[in-house]
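Peer 1: This structure is in C-alpha cells; I'll ask about it shortly.
The values are calculated or read from the model by the stated rules, or taken from the named source; none is laboratory data. Since we're looking at a predicted model, the values are computed, not measured. Virtual Cβ from ideal backbone geometry, glycine too; neighbours counted across all protein chains shown. The area values use the complete protein model at the heavy-atom level, side chains included, leaving out ligands, DNA and RNA. Shrake-Rupley method; radii C 1.70, N 1.55, O 1.52, S 1.80 Å.
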Amino acid sequence: MTHPIDPVTRTFADRHVGPSPAELQHILGTVGVGSLAALATAAVPATILDDVHGDVADGLDSLPDAISEQEALARLAELAGRNTVATSMIGQGYYDTVTPPVLLRNIVEDPAWYTAYTPYQPEISQGRLEALLNFQTMVADLTGMDIANASMLDEATAAAEAMTLLRRANKNRSPRFVVDTDLFAQTRAVIDTRAVPLGIEVVEADLTRGLPDGEFFGVLVQLPGASGRIVDWAAVVEEAHERGALVAVGADLLALTLLTPPGEIGADACFGTTQRFGVPMGFGGPHAGYLAVHEKQARQLPGRLVGVSVDADGARAYRLALQTREQHIRREKATSNICTAQVLLAVLAAMYASYHGADGLKAIALRVAGHAADLAASLRAAGVEIVHDEFFDTVLARVPGGADRVVTEAKDAGINLRRVDDDHVGVSCDEVTTADHVAAVVRAFGATVVATDAPALPAGAARTSGYLEHEAFTRYRTETGMLRYLRALSDKDIALDRSMIPLGSCTMKLNATAEMEPITWPGFSRLHPFAPETDVPGMLDLIGDLERWLVSITGYDAVSVQPNAGSQGEYAGLLAIREYHFSRGDENRTVCLIPSSAHGTNAASAVMVGMKVVVVGCRDNGDVDVDDLHAKIAQHAENLAAIMITYPSTHGVYEQEIGKICAAVHDAGGQVYVDGANLNALVGLARPGRFGGDVSHLNLHKTFCIPHGGGGPGVGPIGVREHLAPFLPGHPAAPRLGGVGPVSAAPYGSASILPITWAYIRMMGAAGLRRASLTAIASANYIARRLDEYFPVLYTGENGMVAHECILDLRQLTKDTGVTVDDVAKRLADYGFHAPTMSFPVAGTLMVEPTESENLEEIDRFCDAMIAIRAEIDRVGAGEWPVDDNPLRGAPHTAECLVREWEHPYSREIAVYPMGTARPKVWPAVRRIDGAHGDRNLVCSCPPLEAFAEA
Ligand SMILES: *Cc1c(COP(=O)(O)O)cnc(C)c1O
C-alpha cells in the first residue's frame, strides 16, 4: 500500500495513524519488510489472511468509502436530527437530568478524563481514584450502607450481581430467590437471564402481602417500585432475616435524599443506577450502576473498589483495593466477570452530587416529588383514580380502557408517557419537569383542573440521617471552585493527552475529537431507551449501519450491540452457545475449554452460564498445546460445549494452528468462541467468522475508538454465525430483537456512544482500517526489535514476528538483580510514561501495545526510556546502587520528596529528570503506594477530615 500525502487533502486516516510515510518506512526497515503488504504476508498466517483487491480486504468491500470529519459530522447530525427529543416521562430507571455545563465540558468532553485507563498504576491515577472514592462515599451515604464499589454496568446487571452476591454470602443453600412483583421489567428480565444457568429458581410474589412459604436464600425488592409505589420494607427485611434469607433493595438515590435508606432498615445489599445524577439517558447508556453492602460483605463485592492507603513517605494515597477478589486473579472462582465498568459516568455522577451538595439534591428531589404530587392532585380532582397514595416521582393512574388515548394525547403535546396496560398510565417526573409539563399531562387525561399538593411521601419513612457531609460534597458550590477541583484532579493523572499508554491487551489508541463530539448532542443523548420506535429512526439506522459494518469486518452473519462491556459480550456469546446446544437437546454439553493464558474474564463468564471450565495448557512457545487440547477434547467429547480462544493470542502472537484448533473442537460437536478483544490485529486482515469462530465479542472501547474513560464505559458487541443468531440478546422493551436474554438493562446497551465507532469506521473506510491494523503490527514489531536485546521478547510467531503487542520478559533480570516489573513500571512514571500491562498474561513480564496512533518520535522515546531503565538495572546488578535504595525501587519520585532530606546514593536529577528536561515533566502525586496496608485497613469512602490532619 502506498499513502501519498497531499498536504492540502490529508484524510482522517492520515490524522488517526501516527507514523508519517517516512517514519513508516523507517519502522518497516527496522522490522525487515519492504511494505505494509509484505508485513501482512510475513506476520499473519496464510491460512487465515484475507485476499486484498487494491487496498481493500475481502469482505470489507461492502463498507462505504471513507469520508472526512466534516462529512461524517454532517451525516451524524442528520441521523441525530431524525430523532425526536420528546419530553420523557416514561421513567422506569431512566430520567431526564441537567448535566451542569461545567461538568459536561470538563469531564465528558475533556480528554484528560475520558482517555485515561483503569487506575492500575495508582501513583499516576490519584485524580480519578479520588473522584471514584467520592462516588463510593456518595452511594454509601445515600443508601446507608458501609461500602460501595466504583460502579456497576447498569441497574439491571447490578440487581443480578446483588442476587449472586447474596447467594455467596448466605450459608442457606436453598436455590430459591424471591423477587417482588413491582420491579422494573428490565431488572426482572436480566435477573431471569442470569438465574437460569446458575440453577437459581426465581419466585415472584407481591411482598406487600408478606413473604411466600418455603425456604429461599434471598429476597429482592425495589424502592420506589416500578409502579411508583413506596413501601416500607422494614418488616419484610426482618422476616427474611428470621427465615435465614438476605435482602437486596434496588433504590433510587434521588428518592433516598428524602426516604429512610435501605441500610437503616437492615438491607444486606443495595443496588441501582446513578443515571439521574447528571448523566444523560443516552437511549439506554452508558451510566453508572451501583452496588453497596455492609462491611462484612466487602470481600463479596463484584467489580472494582477504590481504597485508601499510604505511600512510601507515609502520605495518604488511593488505589484499587481487594483486587484478589477480581476475575483477573480468581478466574473461574471470581465473584463476577466484571472488568470494564462505568468510571467516567461514575465520576460525572459523583461530581454532580459535589456540585449540588446534600441541600441541592434534596431541593431537586422535593421539586420532583412536588410535581408528581401536583399531577396526582389534579387528576384526582378530575375524577381519575390514582392507584398508590404514597409515591416519590411516579404517578400511576387508572383509566379503564383509556391508556392508549391518554398516551396519544400526551404524545401530541410532545410528551412520552408509559402505557402500563390498557387501563393504566404511568407518569414520572424528573429534574427537568416543569409546571407546564404537568399541566400538559393533565390535559392529556382530558382534565383541566390544576391543583397542588405536598409530596406524597410516607410520613413514617422520612429520612432523618444526614448524608454527603464530607468536604468533597460541601466545598465546590461555585463554578470556579468546581472547575479548579476537576483540573487539580486530572492534573494528577496520565491519560492519552499526555503520553502514550502502551498497555498490552487494552489498545489505547486515539479517540478522535470528531468521533466524540456527537455523543452529547441531544438527538443522541436525550433519548429514553423505551421511547416509541417512531421517535428514534436515526438512532436505529445508525445501529443498523454499525451492525452491518461489524458483520463485514468480522465475517459473522449477525451482530448485537447490547452487551455493555467485553465481559458482558463473553457472557452473551456463551449464553448463545448454551441455548444453541439446549435447543438441540444437548443439555449435557457444558464443558468449556480455556487455554491457561486466557484473560480472567473468560473463565468467570463461563461459570456464569453454568459451564465447567477445563484448562488447556500452553507450549513453551506460548501457543496452545495442541496435544493437550486433543486429550481434553477426547476426555470431554460427549460434554464439550465450547472452546474460548483469544486471537491473536494473549501472548501477542498469531498462532498458526488456529484453523486446526477450531476444526478439532467442531469435529467433537463443540462451538468456538473467539475472544476478539485483540481485533486491532485483525481488522482488514482476517475475519474470525471465516477462520473458524462461531461467536466473538469485540471491544469497541479498544479497537473501535470508544475512550476507556478511566475504566469504562465500554461496548462489547458480539458477532455470531447464522446458527447462533436466534440466540442473540433480546429485550422486553424491543420485541423486534427477538432472541434470548436480555443481558443489559437497555435493548441497545450503551447506545449513545455508538456514534464514536460509527464515525471511526466511516472516516477510515476499508483501506484506512487495514492500514491502521498493519501500522499497529509494524509498530509493535519495531518495539520488539528495538527492545529485545535489553528485555527479551518472550514469544514470537513464524518469521520471528509478533502481532500488535509484545511481551518483554524481565524474570531473569529480576532473578539477577532483584529489580522487579513493579520497579520498572513505577520508574516509567519518572520518565513521564504510563507503564505497559504488568504481569499479564505472564507474571514477571511487561506487555507493550503501541497501537497505530503513536508516531515514531513517541515510540522511540518510550524505547529510549526502557533502554535507559535497563542501564539503571545494570547499575543495581553491578552493585553500584543497593537493591533497596536505587532510582527504580525509589520510584516514582514526587516534587515534594526533592525538598526533603536527600540521603540516597543517586542524585535528585537522576530521580526526576533521568533523560533531561526535554520531555514535559509529569509529576506523580504520590510515592510508591503500599497496597497491602490498604487491604489490611480497608477504607473505601472519603476519610474524615481529622484523618487528613493526622497524615
Ligand atoms: C479487555 C479484554 C477483555 C474484557 O473486556 P472488558 O470490556 O474489560 O470487560 C476480555 N478479553 C481480552 C483478551 C481483553 O483484552
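Peer 1: Among (1) of a type in the set (A, V, I, L, M); (2) in contact (Cβ under 8 Å) with a residue 40 or more places away in the chain; (3) part of a helix (DSSP H, G or I), where does Met145 come up short?
Peer 2: It fails just one condition, (3).
Peer 1: In this structure, does Ile364 turn out to be assigned to a loop (DSSP other than H, G, I, E, B) and either of a type in the set (A, V, I, L, M) or more than 15 Å from the ligand (Cβ to nearest atom) (or both)?
Peer 2: In short, no.
Peer 1: Let me ask something additional. For region 525-550: of the residues being β-branched (Val, Ile, Thr) and assigned to a helix (DSSP H, G or I), which is farthest from Ser428 (Cα to Cα)?
Peer 2: Looking at residues that are β-branched (Val, Ile, Thr) and assigned to a helix (DSSP H, G or I), I get Ile543.
Peer 1: Here is a check on your reading of the model: is Tyr318 modelled with pLDDT of 95 or more, under 30 Å from Gly600 (Cα atoms), of a type in the set (Ser, Thr, Tyr) and open to solvent by 10 Å² or more (accessible area, probe 1.4 Å)?
Peer 2: It is true that Tyr318 is modelled with pLDDT of 95 or more, under 30 Å from Gly600 (Cα atoms), of a type in the set (Ser, Thr, Tyr) and open to solvent by 10 Å² or more (accessible area, probe 1.4 Å).
Peer 1: Which of the residues that make up region 403-417 are open to solvent by less than 60 Å² (accessible area, probe 1.4 Å) and not hydrophobic (A, V, I, L, M, F, W, C)?
Peer 2: Within region 403-417, Gly414, Asn416 meet the criteria.
Peer 1: Six or more apart or on different chains, Cβ atoms under 6 Å: show the pairs whose first residue is in region 752-779 and among the β-branched types (Val, Ile, Thr) and whose second is assigned to a helix (DSSP H, G or I).
Peer 2: Ile753/Ile519; Ile756/Glu515; Ile761/Trp549; Ile777/Ala43
Peer 1: Considering only residues that are near the ligand (Cβ under 10 Å from one of its atoms) and part of a loop (DSSP other than H, G, I, E, B), which ones fall in region 591-607?
Peer 2: The answer is Ser597, Ala598, His599.
Peer 1: Might you let me know whether region 575-585 holds any residue that is within 23 Å of the chain's Cα centre (by Cα) and not in a loop (DSSP other than H, G, I, E, B)?
Peer 2: Yes: region 575-585 contains one or more residues that are within 23 Å of the chain's Cα centre (by Cα) and not in a loop (DSSP other than H, G, I, E, B).
Peer 1: From the list Arg870, Arg786, Arg875, Arg770, which residue is assigned to a helix (DSSP H, G or I) and farther than 30 Å from Ala911 by Cβ?
Peer 2: Arg770
Peer 1: Restricting the search to region 387-402, which residues are within 21 Å of Tyr95 (Cα to Cα) and surrounded by fewer than 21 Cβ atoms within 10 Å (Cβ to Cβ)?
Peer 2: His388, Glu390, listed by residue number.
Condition check ((1) within 34 Å of the chain's Cα centre (by Cα); (2) open to solvent by 40 Å² or more (accessible area, probe 1.4 Å)) across all residues:
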{"position": "Arg861", "(1), (2)": "yes, yes"}
{"position": "Ala865", "(1), (2)": "yes, no"}
{"position": "Asp874", "(1), (2)": "no, yes"}
{"position": "Val899", "(1), (2)": "no, yes"}
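Peer 1: Would you be able to tell me the number of residues in region 182-241 that are in a strand (DSSP E or B) and either among the β-branched types (Val, Ile, Thr) or open to solvent by 30 Å² or more (accessible area, probe 1.4 Å) (or both)?
Peer 2: Within region 182-241, residues that are in a strand (DSSP E or B) and either among the β-branched types (Val, Ile, Thr) or open to solvent by 30 Å² or more (accessible area, probe 1.4 Å) (or both) number 7.
Peer 1: Here is a further query. Identify all residues within region 460-480 that are without any contact (Cβ under 8 Å) to a residue 12 or more places away in the chain and assigned to a helix (DSSP H, G or I); write none if there are none.
Peer 2: The one that is without any contact (Cβ under 8 Å) to a residue 12 or more places away in the chain and assigned to a helix (DSSP H, G or I): Thr480.
Peer 1: Being within 15 Å of the ligand (Cβ to nearest atom) and either assigned to a strand (DSSP E or B) or under 10 Å from Ala641 (Cα atoms) (or both) is the filter here, so list the residues in region 664-680 that pass it.
Peer 2: Selection gives Tyr673, Val674, Asp675, Gly676.
Peer 1: While we're looking at this one, here's another question. Name the residues in region 735-746 that are over 20 Å from Asp557 (Cβ atoms) and either surrounded by 19 or more Cβ atoms within 10 Å (Cβ to Cβ) or touching a strand residue (DSSP E or B) at 6+ places or on another chain (Cβ under 9 Å) (or both), would you?
Peer 2: Scanning region 735-746 gives Pro742, Ser744, Ala745, Ala746.
Peer 1: Moving on. Can you tell me which residue is nearest to Gly250 (Cα to Cα) among those in region 149-164 that are among the charged types (D, E, K, R) and either free of Cβ contacts under 8 Å to residues at least 24 places away in the same chain or open to solvent by 10 Å² or more (accessible area, probe 1.4 Å) (or both)?
Peer 2: Among those residues, the one meeting the criterion is Glu155.
Peer 1: Continuing with the same structure: Does Asp541 satisfy the criteria of being open to solvent by 20 Å² or more (accessible area, probe 1.4 Å) and more than 16 Å from the ligand (Cβ to nearest atom)?
Peer 2: The answer is yes for Asp541.
Peer 1: Name every residue in region 627-662 that is more than 16 Å from the ligand (Cβ to nearest atom), part of a helix (DSSP H, G or I) and under 18 Å from Gly692 (Cα atoms), in order of residue number.
Peer 2: Once the filter is applied, which keeps residues that are more than 16 Å from the ligand (Cβ to nearest atom), part of a helix (DSSP H, G or I) and under 18 Å from Gly692 (Cα atoms), region 627-662 yields Leu629, His630, Ile633, Gly659, Lys660, Ile661, Cys662.
Peer 1: Still on this structure: Open to solvent by less than 20 Å² (accessible area, probe 1.4 Å) and within 16 Å of the ligand (Cβ to nearest atom): is that true of Pro529 in this structure?
Peer 2: no
Peer 1: Turning to a different aspect of this structure: Would you please name the residue that is nearest to Leu104 (Cα to Cα), looking only at residues in region 341-374 that are open to solvent by less than 20 Å² (accessible area, probe 1.4 Å) and hydroxyl-bearing (Ser, Thr, Tyr)?
Peer 2: Tyr352
Peer 1: From the list Val609, Val614, Val624, Val653, which residue is open to solvent by 10 Å² or more (accessible area, probe 1.4 Å) and aliphatic (A, V, I, L, M)?
Peer 2: When all the criteria are applied, what remains is Val614.
Peer 1: Scan region 385-400 for residues that are out of contact with any Pro (no Cβ under 7 Å at 6 or more places or on another chain) and closer than 27 Å to Thr84 by Cβ and report the count.
Peer 2: Number satisfying all stated conditions: 5.
Peer 1: While we're here: For Ala346, are the conditions met, namely being in contact with a Phe, Trp or Tyr (Cβ under 6 Å, 6 or more places away or on another chain), more than 22 Å from Ile230 (Cβ to Cβ) and within 16 Å of the ligand (Cβ to nearest atom)?
Peer 2: Judged against the criteria, Ala346 is a match.
Peer 1: Working only within region 339-386, note down all residues that are out of contact with any strand residue (DSSP E or B) (no Cβ under 7 Å at 6 or more places or on another chain) and closer than 30 Å to Val615 by Cβ.
Peer 2: Once the filter is applied, which keeps residues that are out of contact with any strand residue (DSSP E or B) (no Cβ under 7 Å at 6 or more places or on another chain) and closer than 30 Å to Val615 by Cβ, region 339-386 yields Cys339, Thr340.
Peer 1: What about Gly289, is it crowded, with 24+ Cβ neighbours inside 10 Å, within 22 Å of Leu132 (Cβ to Cβ) and in contact with a helix residue (DSSP H, G or I) (Cβ under 7 Å, 6 or more places away or on another chain)?
Peer 2: Criteria met by Gly289.
Peer 1: In region 559-590, how many residues are within 16 Å of the ligand (Cβ to nearest atom), of a type in the set (A, V, I, L, M, F, W, C) and in contact with a Cys (Cβ under 9 Å, 6 or more places away or on another chain)?
Peer 2: Number satisfying all stated conditions: 2.
Peer 1: Another question, then. Considering only region 703-710, I want to know if a residue exists there that is within 11 Å of the ligand (Cβ to nearest atom), in a strand (DSSP E or B) and either of a type in the set (Asp, Glu) or open to solvent by less than 10 Å² (accessible area, probe 1.4 Å) (or both).
Peer 2: no
Peer 1: For region 321-340, what are the residues that are of a type in the set (A, V, I, L, M, F, W, C), within 30 Å of Gly890 (Cβ to Cβ) and either open to solvent by 20 Å² or more (accessible area, probe 1.4 Å) or within 16 Å of the ligand (Cβ to nearest atom) (or both)?
Peer 2: The one that is of a type in the set (A, V, I, L, M, F, W, C), within 30 Å of Gly890 (Cβ to Cβ) and either open to solvent by 20 Å² or more (accessible area, probe 1.4 Å) or within 16 Å of the ligand (Cβ to nearest atom) (or both): Ile329.
Peer 1: Assuming Ala751 fulfils every condition listed in (1) farther than 23 Å from Gln25 by Cβ; (2) within 27 Å of the chain's Cα centre (by Cα); (3) open to solvent by 10 Å² or more (accessible area, probe 1.4 Å) apart from one, which condition is it?
Peer 2: For Ala751, the exception is condition (3).
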